[in-house]
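Take a look at the structure below.
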Amino acid sequence: MQLITWNTQWCRGLDGTVSPERIVAAARAMADFDVLCLQEIAQGLEALPGRPGDQPAEIAALLPGFRVFFGAAWHDPRPDGDDQRFGNLVATRLPVVHVQHHPLPWPADPSAATLPRMCTVVTLCDPQLGAVRVMTAHLEYGSAVQRLAQAHALHDLHAEACARAAAPHRPPSPDRPPPRARVHTAEAILCGDFNAPPASPELEAIRSAAGPARLHDAWPIVHPGRPPAPTFALYDTTYAPAPVAFDHVLVSGGLAGRVADLQVDAATRASDHQPLRLTLR
């Protein structure tokens, strides 16, 4: 399985041009991916620089053979029906068994201007790996209080799913909807823009579980002893004084031994973040 994760800044490059086509082309240049996880995807937000349109629909049109799942972290209805949404997207060509969109905590913090955040979870079936939960999230940039609360929530979502996999619920009766039993798995990939470096309290909160619920940072598995490659502020220091690794991929224990590669595309300027490519054998 090959997975790419990327904060796209609503598909806006450092040249100011908004182009889902460029994002998809750059991702395809990295790998013949099976799963594409994108953060900061816009729908109906014409006031943003570059006037992005219906990006989930545009990306779906660019990926024939893929199913596209868009989770809005925030959704602002408008009287004319042209609602505004902003959030995460997962596209995959692998069979999907179910999808969940989880709002993340948004505790009060009057010191910062912040936005709601969420985690999209797509449980898919890989022919070699079996069932895998792909979780993608974008944590708050402006508030450490909110970011840490969101990190704890991601930890809890994964731990809860692991507990269900260990002791699955009794399947529903065939004569009562929904008739299909749920697929539960402890194996997961958690990826996205955490707005926090690897040694931060936020990443430690996510990795803190013991036993089957522990999540492992994929970078040191592939690059032991090597600092994580920066994924933010390589070419634009508007929001960070120096390049930093804010985007991460974590894997469950059963997948840690299958991590074959993790690379960052440090050349592209199609967003203010750099994409990461995970390869699982």
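Each row is one residue, and each column tells you yes or no for (1) hydrophobic (A, V, I, L, M, F, W, C); (2) at pLDDT 95 or above; (3) closer than 19 Å to Asp193 by Cβ; (4) touching a helix residue (DSSP H, G or I) at 6+ places or on another chain (Cβ under 6 Å).
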residue: Met1; (1), (2), (3), (4): yes, yes, no, no
residue: Thr8; (1), (2), (3), (4): no, yes, yes, yes
residue: Ala27; (1), (2), (3), (4): yes, yes, yes, no
residue: Met30; (1), (2), (3), (4): yes, yes, yes, no
residue: Ala47; (1), (2), (3), (4): yes, no, no, no
residue: Gly65; (1), (2), (3), (4): no, yes, no, no
residue: Asp83; (1), (2), (3), (4): no, no, no, no
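Scanning the stretch 102-120 for residues that are on the phi > 0 side of the Ramachandran plot and of a type outside the set (Asp, Glu) turns up nothing. Whether a residue is of a type in the set (Asp, Glu), at pLDDT below 95 and closer than 25 Å to Ile41 by Cα was assessed, and Asp247 does not pass this test. Only strands (runs of 3 or more DSSP E) whose full extent lies in the stretch 1-114 are considered here, and the ones with at least 2 residues that are out of contact with any Gly (no Cβ under 9 Å at 6 or more places or on another chain) and crowded, with 17+ Cβ neighbours inside 10 Å are 2-7, 35-43, 67-76, 84-92. Are any of the residues in the stretch 157-167 out of contact with any Phe, Trp or Tyr (no Cβ under 8 Å at 6 or more places or on another chain) and farther than 21 Å from Ala209 by Cα? Checking the stretch 157-167: not a single residue is out of contact with any Phe, Trp or Tyr (no Cβ under 8 Å at 6 or more places or on another chain) and farther than 21 Å from Ala209 by Cα.
Taken together, Thr231, Thr238 contain a single residue that is out of contact with any Lys or Arg (no Cβ under 6 Å at 6 or more places or on another chain), of a type in the set (S, T, N, Q) and under 21 Å from Thr5 (Cα atoms), which is Thr231.
Counted as qualifying within the stretch 184-281 are the strands (runs of 3 or more DSSP E) with 1 or more residues that are over 23 Å from Thr123 (Cβ atoms), namely 259-264.
The values are calculated or read from the model by the stated rules, or taken from the named source; none is laboratory data. Note that this is a predicted model, so its numbers are computed, not measured. Because the Cβ atoms are built from the backbone with ideal geometry, glycine has one as well, and the counts that use them run over all protein chains shown.
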